[in-house]
1. Can you tell me which residues in segment 42-95 are surrounded by 13 or more Cβ atoms within 10 Å (Cβ to Cβ), closer than 17 Å to VAL22 by Cα and hydroxyl-bearing (Ser, Thr, Tyr)?
2. Consider only pairs whose beta carbons are under 7 Å apart and that are at least six residues apart or on different chains; among these, list those whose first residue lies in segment 71-95 and is farther than 8 Å from ALA56 by Cα and whose second residue is of a type in the set (Lys, Arg) and open to solvent by 70 Å² or more (accessible area, probe 1.4 Å).
3. With under 15 Å from ILE86 (Cα atoms) and open to solvent by less than 100 Å² (accessible area, probe 1.4 Å) as the only criterion, which of VAL32, VAL39 stands out?
Amino acid sequence: MMEQNMSAVEQAPSQRTVIGKVVSNKMNKTIVVQIERRVKHPLYGKYVRRFTKMYAHDEDNTCQMGDVVIIQQTRPLSKLKRWKLIEVLKREEQQ
């Protein structure tokens, strides 16, 4: 019986991860990531882009505007922050 409970705990579902673009890094240890999704228009059938902004925790303030990042869902960290930075996939070119 105890072994069955342990296996259920170990196989807990992983947290949701998404890829997005950093649109703001002006706050301390916080970035705003814009997520794009495509939805089909119900009447015309054309695919339309929809955007969502998510606040993510950036512990080391490493991200710059324009970076493409992976963020992961986590426990509530503040009023708006529910995500944390996992990895920077692509750095924005500095001019």
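1. Matches in segment 42-95: TYR55, THR62.
2. If the second residue must be of a type in the set (Lys, Arg) and open to solvent by 70 Å² or more (accessible area, probe 1.4 Å), the pairs left are GLN72/LYS84; GLN73/ARG16; GLN73/ARG82; THR74/ARG82; THR74/LYS84; PRO76/ARG82.
3. After ruling out the rest, the residue left standing is VAL32.
The values are calculated or read from the model by the stated rules, or taken from the named source; none is laboratory data. Since the structure is predicted, the reported quantities are computational estimates derived from the model, not experimental observations. Ideal geometry is used to build each Cβ from the backbone, glycine not excepted, and the neighbour counts take in all protein chains shown. What goes into the accessible areas is simple: the full protein's heavy atoms, side chains included, and nothing from ligands, DNA or RNA. Shrake-Rupley method; radii C 1.70, N 1.55, O 1.52, S 1.80 Å.
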